[in-house]
Amino acid sequence: MAETAPSNEATNVPVDSEVSAKFSSSIDPVTVNDKTFIVVDMTGTVTYNDKKATFAPSTPFEKGRRYNAILTTGIKDLDGIPLKSNFTWAFETEGGPDTTPPTIVATVPRDRATDVSTNASIRIVFSEPIDPSSINKETFFVKGGTTGTYSYDEQSRTATFLPSPPLPPSTTTVVTVTKGVRDRAGNSLTDDLTWSFITASVSDQTAPRIVARTPAENAADVTANSNISVTFDEDIDPISLQNNFALTDPSGAAVPAGLSYDVGSRTAVLDPRSDLQFGTTYQVWVKKGVKDLSGNATSSDTSWFFTTGMAPDTTLPLLLDRQPEGEGASVRSLISVTFSEPIKPETLSGNFTVSSSNGTLSGQISYDARTLKAFFNPSVPRLEYSTTYTVLLKSGIKDLAGNGLADTSWTFTTIDPPRVTEIFPDGQGVATDPPPPIRVTFSREMKEGSINQSSFFVFRGDPATGGRVAGSISYANAVATFIPTVPYVDNTVYRVTLTTAVEDLNGNPLPSEVTGSFQTASPPDPPPKVASTAPANGAVGVSVNTPSVSAQFVRSIDPASLPGQFALRETNGICCVDGTISYDVAQQRAILSIKGPLAYNTSYTVVLGAGVRSSSGTPMGAEHIWTFTTEAAPDTTFPSVVRTDPADGAREVPSTDPSGQPFTIRVDFSEPILSGTVHSGTFIVRRVESDLNKPELSGSYRVDASTTFFVPSSPYERGKRYEVTLTTGITDLAGNPLPFDVVWSFTTAP
């Protein structure tokens, strides 16, 4: 050993000091721990670096107190050679003497204990060493003047009163410890303590028995830092355990260990001063003479063997898996990690954290030793949507051998929330009977089982007073459907509510309650009724250029109901004449504007479907049908001259008829001629004197259907040639003209 700090017998050492020891050569760091570097009555953390071992106390030293530091033979150099013997030194802290009063940490028998043996001793365990002279009949007594003997055990800090004679059976015994009890610095108890117990009907004459032992008999792979414990079937006199509860190595030498006894569990514990040797068989001894509170002692030795495991694991634990990670994590995620080896569950606390920009998340940490998984279960019902979380695992997480995990962190981002994109119906004027289904469309697939009578509500009016609507609920393809079992009420507001119990396939709930509403229609008015139509039903000769057909209603209708319900077709045809539907609100008239002319001489049928609705939604219920017939096709054939009298080129034509009147020139056409087109400008008769001299004859004209007549006003001259011209100004009844002028001539007789 090179040096220690504080040095041996140092005084005025600051209470916040560390204790250290410098070795003359390098030490195996694994062998330097809280079992091999001990400061008596203190706990702390032991570290080793550069030949120096350091003990950092968990709490400051007490002022004005002497402390002992011990380095055990469990410390070895790099060649495995241990210290030749335990190394001990002492120091005294700064400040005045101890001013802290002692306290009572346990009483035996316990307060209100029953069935206590009449020959049992009464014991008090203190928090610190006590001045034995302060333990006497004035400070520690049984009510009623019970006599007995007093003793004090320094090692266990236990004061004992042994009643003599034994306590009376089946009696409540009251014990008092007064403020007259002092520690070695003279500090007294702050208050008197009184407790009681009830004695048994007879005295205890049975020796204590061992009911549990750890490690178990012939146990293998026991960790080298294990404690050894035995549990008895009754309360034990802790003093009787001294020198009667021991651990020996294969050579039979006693293993240095601290001895403690827990009154509550009746368990004695040996805590070896240094770790046990690996792969070594040890023997545990519970020798005869261990006594219960009545002084009954075990009559024989009890011993058993166990074997420690092999050399400790020095491999750092690793993470094999972590969940969740990346994008789109469920807000119901249970955050988990899988380790490469078993870890100490208690080291997870404070070393497994989850945080976001909103701060550190609270939650419960658990560990499954079977799967080597650690879980962080958030305290909140769910994580926040669209949020990045950071998971941090610190080096304080240790495996069973104490090897720490390297600091590790990762992030994951939660998914965007599922949303309701549409609730149908909405608005006003919703039909009441039959009631339309209510359909709720979601932004993605949802968990069908989460959409039920407990999460999907329909209320009539105010949810608090209107009452819930009965109906069935189904779900498919991201759409939830509610089908009412009874009709809706007229002119009433209905409210739709979906709660946050509705979840998607990964358990992500709606981020908040979703509501919608709609209002049903007022009571329906009578079905639409047609007042008149154009053309009228049965009309004939309707122009093929008629621009539209229409129907005027008695009262207003819903124009939106006309598409698909207003059609024009040939009566003997299929469907349909192309057109555009419109509605004249002022005249309450539905109009079908026809694109292009209709066919000639054709019967047409107009149909208004039963689906035409009134302005309040009442359907017409039956078709309204009417017919009309278009005009005949127009004449487009040119008229022609089929015969003339006299004929072209005729000679010696008599100038008068048998009655002595000038003969009549007759022209027969191929079809009736429009009389107004036959006159002196279109039916011209000339007497040919020469090519340049052709005077016109005046006369009268007559049209008889397809025949026209000309009678001159004066007689024809004899032996003269006459020329007749029919111009294109002559038309038939349809206005079709002669396609060209017709000219012919004849000669009168001399």
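Dipole of the chain computed with +1 at Lys/Arg Cβ and -1 at Asp/Glu Cβ about the Cα centre; of Gly350, Pro208, Thr707, farthest Cα towards the positive end is Thr707.
Fraction of C-alpha pairs exceeding 22 angstrom in region 530-630: 23 percent, rounded to a whole number. When you restrict to C-alpha pairs under 8 Å that are six or more residues apart and normalise by the size of the chain, the relative contact order lands at 6 percent. For region 268-357, a crude dipole built from +1 on the beta carbon of Lys and Arg and -1 on the beta carbon of Asp and Glu, taken about the Cα centre, is about 420 debye to the nearest 20. Each Lys or Arg adds one and each Asp or Glu subtracts one; over the other residues with Cβ under 12 Å from the Cβ of Lys694, this totals 0.
Between Asp407 and Ser745, the distance separating the two model label sites (each 7 Å from Cα on the Cα→Cβ line) works out to 13.2 nm. Derived from the Cα gyration tensor, the three semi-axes of the equivalent ellipsoid of region 76-116 are 42, 25, 7 Å, largest first. On the basis of the beta-carbon distance and an R0 of 41 Å, Ser85 and Ser386 show a calculated FRET efficiency of 0.05. In straight-distance terms, cross-link reach from Lys35 covers every one of the lysines whose alpha-carbon lies under 24 Å from its own, apart from those fewer than eight places away in the same chain; here that gives Lys22, Lys51, Lys52, Lys76, Lys84, Lys344, Lys398. Seen from all directions on average, the chain presents a Cα convex hull projection of 70.8 nm². Counting only Cβ charges, +1 for Lys and Arg and -1 for Asp and Glu, the dipole size of region 319-414 around its Cα centre is about 180 debye. How charged is the neighbourhood of Lys344? Take every other residue with its Cβ under 13 Å from the Cβ of Lys344, and add Lys/Arg as +1 and Asp/Glu as -1. Here the count lands on -3. The length gained by stretching the chain between Ala464 and Thr59 to full extension, at 0.36 nm per residue less their Cα-Cα distance, is 139.8 nm.
Mean sequence separation of contacting Cα pairs (under 8 Å, at least six apart), scaled by the length of region 244-366, corresponds to a relative contact order of 17 percent. For the pair Ala219 and Arg332, the difference between a 0.36 nm per residue extended length and the Cα-Cα distance amounts to 36.3 nm.
Near Thr618, the amide H atoms lying under 5 Å from its own belong to Asp525; only residues 5 or more places off or on other chains count, and H is placed 1.01 Å from N. Computed from backbone phi, the HN-Hα couplings of region 709-717 come to 10, 10, 10, x, 6, 10, x, 5, 7 Hz, rounded to whole numbers (Karplus: 6.51 cos²θ - 1.76 cosθ + 1.60, θ = phi - 60°; Gly and Pro given as x). Given their separation in residues at 0.36 nm each and the Cα-Cα distance between them, Arg370 and Ala734 gain 120.3 nm when the chain is fully extended.
Note on Ile210/Ser349: beta-carbon distance plugged into 1/(1 + (r/R0)^6) with R0 of 41 Å gives a FRET efficiency of 0.75. Antiparallel beta bridges, as assigned by DSSP with both residues in region 192-309, represent about 95 percent of the total such bridges. Here Ser474 and Glu341 are evaluated by their C-beta separation; at R0 = 41 Å the FRET efficiency comes out at 0.25. The residue list Val142, Leu189, Val177 was ranked by how far each Cα lies along the charge dipole of region 122-215 toward its positive end, using unit charges on Cβ atoms, and Val142 comes out on top.
Charged side chains reduced to their Cβ positions (Lys and Arg at +1, Asp and Glu at -1) give the chain a dipole of some 840 debye around its Cα centre. In terms of the Cα gyration tensor, with a ≥ b ≥ c the square roots of its eigenvalues, is region 177-246 rounded because a/c is under 1.5, prolate because a/b exceeds b/c, or oblate? Cα axes put region 177-246 in the oblate bin. With contributions of -39500 (n - 2.57) from each DSSP H run of at least four residues, the per-residue ellipticity at 222 nm computed over the chain stands at 0 deg cm²/dmol.
When a/c is below 1.5 the answer is rounded, else prolate if a/b is larger than b/c, else oblate, so apply that to region 210-308 with a ≥ b ≥ c taken from the square roots of the Cα gyration tensor eigenvalues. It is prolate, given that a/c is not under 1.5 and a/b is the larger ratio. With Cα atoms defining each centre, region 375-409 and region 267-290 are spaced 38 Å apart in the structure. Residue by residue, region 210-222 carries 3J(HN,Hα) couplings of 7, 10, 7, 9, 9, x, 5, 4, 6, 4, 10, 6, 6 Hz when phi is fed to the Karplus relation 6.51 cos²θ - 1.76 cosθ + 1.60 (θ = phi - 60°); x denotes Gly or Pro. Rounded to the nearest Hz, the phi-derived 3J(HN,Hα) couplings of region 589-604 under the Karplus curve 6.51 cos²θ - 1.76 cosθ + 1.60 (θ = phi - 60°) are 10, 8, 10, 10, 7, 8, 9, x, x, 7, 7, 5, 6, 10, 8, 10, where x marks glycine and proline.
Would you mind counting up the charge near Tyr583? Only other residues with Cβ under 14 Å from its Cβ, with Lys and Arg at +1 and Asp and Glu at -1. Here the charged neighbours net out to +1.
The relative contact order of region 395-545, computed from alpha carbon pairs under 8 Å that lie at least 6 residues apart in sequence, is 25 percent. Of all beta bridges that DSSP places with both ends in region 417-519, some 95 percent have antiparallel geometry.
Most simply put, the chain has about 95% antiparallel DSSP beta bridges, counting only bridges with both residues inside it.
No lab work stands behind these numbers, since they all come straight from the coordinates. Remember, it's a predicted structure, so these values are computed and weren't measured experimentally. Reconstructed Cβ throughout: ideal geometry from the backbone, glycine too, with neighbour counts over all protein chains shown.
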